[in-house]
Amino acid sequence: MTGPLEGIKVLDISTILAGPLVAQILGDFGADVIKIEHPTRPDGMRGHGLDKDGHPLWWTMISRNKRTMTLNLGSEQGAEIFTSLAAEADVVVENFRPGTLERWGLGYDVLSENNPGLILLRVTGFGQTGPYSTRPAFGTLVESMSGFAHLTGAADGPPTLPAFGLADSLAGIAGSSAVSMALLHRTNNGGKGQVIDLDLLSPIMAAVGPGIIYADQLGIDQERTGNRSSNNAPRNLYKTSDGHWLAISTSANSIAERVLTLVGHAEVIEEPWFATGRQRAAHADLLDDYVGGWIAERTRDEVVQEFEKAGAAVAPVYKPSELLDDPQVNAIEMVTTVEDGDLGPVRMQNVMWRMGDSPGSIRHTGRAHGEDTDAVLAELGCDADSIEDLHKAGVV
């Protein structure tokens, strides 16, 4: 058994990150994922990020556990082949602009005609309907609209965007959850499939927190606080004597008490304002002086050891290379080694959660463009001559 989704077939016709991450997670937990790309215009994700000896590294990770085939969905023959594939699939993941599948004759009404149990996950920037539905959108745009950029950065600096695909990644994780719910609904409702309308904006809006309800009920827009928090203090990044940075958070009052006791200022615990995180945040300058001064006199290892002894919360600001050597990361295999046909052994993030009775697995890394095309067509019933004709016609 390869995971709880063994026996589920997924057609991934999405590109770049959010949709492909959905399919990757489903594949990690056992689904048979077929990644379908245009014959001459492969997924742009193959060109994202760094490569080693011409082999794209991000692609190696994001397309793991997927078979790859090429197919021109916009051609008549390509659409017919895809309809046949969809008739035997459980899930289709797509992220074209609304109306594109319909223009190709591949709307849900067509795809589900011979497969009423099909689940179609549609990933777009702003959803399938509404005034923004046809706008092109990337994670950067919704990271800006969601309130994330507004809240990120120094209080006296500009809004700040993440240096990675945050909105897409959140949507990818959310999408895998949505598909799992739809599969359960299908099981419980006579095998009926459905369409899932997933926009990039909603998941990151949820992650940003209570800003919407604050604005609605209090007329307040949260503002940037840098590495501090308006909800608790001390909460910041602090530099050690050996030039490293450490993160401290004291969301629980008991942790705040332990931290201030450890750094030699237990007297502030008796102050009335120390009783809640929000009131402590109003005295962040004082608390940061106490905590930052104590940390500045010690090395990273010394601070971490003392915090652990005191039962207080602390974590280092890691570079990825340091994360690879962390004992906790390695103890529970958050990073694992996978054999790649071109690169040899490569380390990457493991499956996202550890299930006791139906664990996921990484069976192979991202494959070459169209590597499994002929095999998938043969499974569909195409003979060798038909497959050769499809290649010559540019359909695959």
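The values are calculated or read from the model by the stated rules, or taken from the named source; none is laboratory data. Remember, it's a predicted structure, so these values are computed and weren't measured experimentally. Don't worry about glycine lacking a Cβ; one is built from the backbone with ideal geometry, like all the others, and counts go over all protein chains shown. For accessibility, only protein heavy atoms count, side chains too; no ligands or nucleic acids. Shrake-Rupley method; radii C 1.70, N 1.55, O 1.52, S 1.80 Å.
Remarks
- By the equivalent-ellipsoid construction on the alpha carbon gyration tensor, region 247-319 comes out with semi-axes of 20, 12, 12 Å, ordered largest to smallest.
- Average accessible surface area per residue within region 1-97, 1.4 Å rolling probe, Å²: 35
- Working ranking of peptides 18-26, 257-265 by packing, defined as the average number of other Cβ atoms within 10 Å per residue, highest first, is 18-26, 257-265.
- For the chain: Kirkwood Rh in Å [reciprocal of mean 1/r, alpha carbons]: 24.0
- Residues whose amide H lies under 5 Å from that of T152, counting only those 5 or more places away or on a different chain, are T160; hydrogens are built 1.01 Å from N in the peptide plane.
- Working from label points 7 Å from Cα in the Cα-to-Cβ sense, the L324 to R363 distance is 2.8 nm.
- Value of Rg/Rh across region 53-104 [Cα atoms, Kirkwood radius]: 1.04
- Each stretch of four or more DSSP H residues adds -39500 (n - 2.57); spread over every residue of the chain, this sum gives -10500 deg cm²/dmol at 222 nm.
- Hydrophobic, long helices, defined as DSSP H runs whose alpha-carbon span along the helix axis is 20 Å or greater and whose mean Kyte-Doolittle value is at least -1.0, occur in the chain at 166-188.
- Estimated at 0.36 nm per residue, the fully extended path between M355 and S251 surpasses their Cα-Cα distance by 34.5 nm.
- In this structure, E113 and K392 have a Cβ-Cβ separation that, at R0 = 35 Å, corresponds to a calculated FRET efficiency of about 0.70.
- Exposed-loop-free span, longest in the chain, where chymotrypsin sites (Phe, Trp or Tyr not before Pro) count as exposed if DSSP calls them loop and at most 12 other C-beta atoms lie within 10 Å: 165-352
- Solvent exposure of S84, expressed as accessible area, is near 50 Å², computed with a probe of 1.4 Å over the protein chains only.
- Solvent-accessible surface (1.4 angstrom probe) belonging to M334, in square angstrom, nearest 10: 80
- Under 5 Å between amide hydrogens, built in the peptide plane, is the criterion, and for R298 it picks out S241 among residues at least 5 positions away or on other chains.
- Short to long, the 10 Å bins of the Cα pair-distance histogram for region 87-243 hold 10, 29, 28, 18, 11, 4, 0 percent of all pairs.
- Anchor K35: lysines whose Cα lies under 28 Å away (excluding residues fewer than 8 positions away in-chain): K9, K52, K66, K192, K392
- Of all accessible heavy-atom area on the chain, the percent that carbon and sulfur account for (1.4 Å): 52
- With DNA, RNA and ligands ignored, accessible area of T129 (1.4 Å probe; Å², nearest 10): 110
- Averaging the Cα positions of each part gives two centres, and for region 17-90 and region 274-305 these lie 48 Å apart.
- Backbone phi angles across region 92-107, fed through the Karplus curve with coefficients 6.51, -1.76 and 1.60 (θ = phi - 60°), yield HN-Hα couplings of 10, 10, 9, 9, 6, 4, x, x, 5, 4, 4, 5, 8, x, 10, x Hz in residue order; Gly and Pro are listed as x.
- Ranked by solvent-accessible area (1.4 Å probe, protein heavy atoms only, all chains present), the residues K192, K35, K9, K392 order from largest to smallest as K392, K192, K9, K35.
- Gain on full extension, evaluated as 0.36 nm per residue between N189 and E371 minus their Cα-Cα distance, stands at 61.8 nm.
- Relative contact order (%) - region 247-319, alpha-carbon pairs under 8 angstrom, separation at least six: 47
- Once the 1.4 Å probe is applied to the protein heavy atoms, region 247-319 comes out at 53 Å² accessible per residue.
- Share of pairwise Cα separations in region 241-390, more than 24 Å, in percent: 59
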